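Data first, discussion second: the structure below is written as structure tokens.
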Amino acid sequence: MACCDVILLGVPQSGRAGDIYSFSALAQVSMTRIQIGASFGLLSSLNICLGYWYLWQMLRPYSTRLVGWMLAAFTFYGVLGGVFHAGYYFAGAAMHHGDLALYFRFIHRLQLLAVVAGAGALIGSLLYAYIILRLQQYYSKWYAAFNLIVCEGIALTVAYILPAPVGGYIRPMFINLGTLLFFITLGLMSKSKTPAEGTGSY
């Protein structure tokens, strides 16, 4: 997914240049790059959802109800993230055909979609942090602090301060780099867990 971000939106500029979703980069890349990046990005979002399923498998023995809601929130976020990624194709096509009115309509809808999807990430992250804090006898508290939203915020901060030209290639990846950082913490969790059958549902 991060590689698709570079194909779709990577341009040689600083990390602080352009808007947060890198919409302005669409005017600087070819339609071929837009088609490839948007299409494969949509497919890659399914793999990210498998990562959330892995998290669900890890935590399900301890809290079937809350972990189910967490999985639903994260999957909602992942699916809408794929739809958002695909939406760059339509915005880019409108831009390259010179239909700026249609381009800005697409941009407006994508911004609304980002807010809705972000709500899923926030709810999932809060549930994840709460579950981990309830399970502190099995997992360290710091895992709760490194939830998905925090990891994405760290990735954005690092990408934002990178200079040109590397910043313009890293900045579009911040969401997926943050997701990767989150999944790395899950790998550490799976190795550090204290053996137990669980504490029941709550």
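Values computed for the structure shown
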quantity	calculated
Selected from Leu135, Leu188, Leu71 as most flexible by GNM, with the chain as the system and alpha-carbon contacts under 10 Å	Leu188
Residue of Thr179, Thr157, Thr75 that the Gaussian network model of the chain assigns the largest fluctuation, springs spanning Cα pairs under 10 Å	Thr157
Residue-by-residue Karplus 3J(HN,Hα) for the stretch 104-114, coefficients 6.51, -1.76, 1.60, Hz, glycine and proline x	5, 5, 4, 4, 4, 5, 5, 5, 5, 4, 4
Volume of the Cα convex hull of the stretch 68-162, divided per residue and given in Å³	99
Listed residue (Val6, Gly68, Phe40) projecting farthest to the positive dipole end of the chain, Cβ model	Gly68
Residue of Ala114, Ala91, Ala164 that the Gaussian network model of the chain assigns the largest fluctuation, springs spanning Cα pairs under 10 Å	Ala164
Coordinate range along principal axes, alpha carbons of the chain, Å, largest first	60, 31, 22
With Cα atoms, 0 to 90° folded angle of helix 31-59 axis to the chain main axis	10
Karplus (6.51, -1.76, 1.60) ³J(HN,Hα), θ = phi - 60°, over the stretch 16-25, in Hz, Gly and Pro reported as x	8, 7, x, 8, 5, 9, 6, 4, 5, 6
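Each value in this text was obtained by applying a stated rule to the coordinates, not by laboratory testing. Computed from a prediction, not measured in an experiment: that's the story for all the values here. When we count neighbours, we look across all protein chains shown, and the Cβ atoms used for this are built from the backbone with ideal geometry, even at glycine.
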